[in-house]
Amino acid sequence: MGNPAGVRRNFDKLEERRLRAARLLEKGLSQSEVARQVGVHRQSVSRWAQQLERRGRAALQQAGRAGRKPRLSPEDLERIERSLKKGPEEFGYDSGLWTAARVAHLIQQECGVDYHPGHVWRILRQLGWSCQRPTGRALERDEQAIAEWKRKRWPEIKKKPKTRGE
């Protein structure tokens, strides 16, 4: 049956469902009837019945965490966040902006784990950080030169609509 895309599985509920099926099987109900009552495919109940017969109820308990184990421990994540809060200037960078490459370098320095800059955003999101743009304007910004460029140069390079009949 599966889950719709984007819906997380509730592993406690899944285990509860398997153990409920085990109780019904032990009462002597048929696999088809157990499947109907629990709301799963009969093949799932058949698999659970085999596991129950071979290894008992322990076989139907949660398997534990799915997927690859994280490369960074909770302590590593705390250390990274403390370093991020210090700012990039603290680590010798010119500007006060964290880029993905800079964060990847920070993680490598702090924890000895290499991450591709394209994947660093996952860690930042896990820490509650988001992509943001600087709020202020550059100190070097020359307003007079910008106004002059807009007045003279921009009209020269701006595309003009074609006139009809061309």
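The residues of the stretch 66-85 that are part of a helix (DSSP H, G or I) and either touching a residue at least 12 places away in the same chain (Cβ under 8 Å) or closer than 19 Å to CYS131 by Cβ (or both), listed by number, are ASP76, LEU77, ARG79, ILE80, GLU81, SER83, LEU84, LYS85. Filtered by the rule that a residue be surrounded by 13 or more Cβ atoms within 10 Å (Cβ to Cβ) and farther than 20 Å from HIS116 by Cβ, the stretch 82-98 gives a lone residue, GLY87.
Does the stretch 134-142 include one or more residues that are more than 30 Å from the chain's Cα centre (by Cα) and in a helix (DSSP H, G or I)? The answer is no; no qualifying residue exists.
Can you tell me which residue among ALA63, ALA59, ALA101, ALA49 is in contact (Cβ under 8 Å) with a residue 12 or more places away in the chain and either loosely packed, with under 13 Cβ neighbours inside 10 Å or under 21 Å from ARG9 (Cβ atoms) (or both)?
Details: ALA63 fails: in contact (Cβ under 8 Å) with a residue 12 or more places away in the chain; ALA59 fails: in contact (Cβ under 8 Å) with a residue 12 or more places away in the chain; ALA49 fails: either loosely packed, with under 13 Cβ neighbours inside 10 Å or under 21 Å from ARG9 (Cβ atoms) (or both).
Of ALA63, ALA59, ALA101, ALA49, the one residue that is in contact (Cβ under 8 Å) with a residue 12 or more places away in the chain and either loosely packed, with under 13 Cβ neighbours inside 10 Å or under 21 Å from ARG9 (Cβ atoms) (or both) is ALA101.
The combined condition, being among the basic types (Lys, Arg) and modelled with pLDDT under 90, is fulfilled by ARG65.
Of all the residues in the stretch 10-40, those that are closer than 14 Å to GLN50 by Cα and not in a helix (DSSP H, G or I) number 1. Using the structure shown, decide if TRP121 is more than 32 Å from the chain's Cα centre (by Cα), assigned to a helix (DSSP H, G or I), outside the structural domain of ARG47 (by TED's automatic domain parsing) and not basic (Lys, Arg). Spelling it out, it is not the case that TRP121 is more than 32 Å from the chain's Cα centre (by Cα), assigned to a helix (DSSP H, G or I), outside the structural domain of ARG47 (by TED's automatic domain parsing) and not basic (Lys, Arg).
The values are calculated or read from the model by the stated rules, or taken from the named source; none is laboratory data. Please read these numbers as outputs of a predicted model, since none were measured by experiment. Positions of Cβ are backbone-derived with ideal geometry, glycine not excepted, and every protein chain shown enters the neighbour counts.
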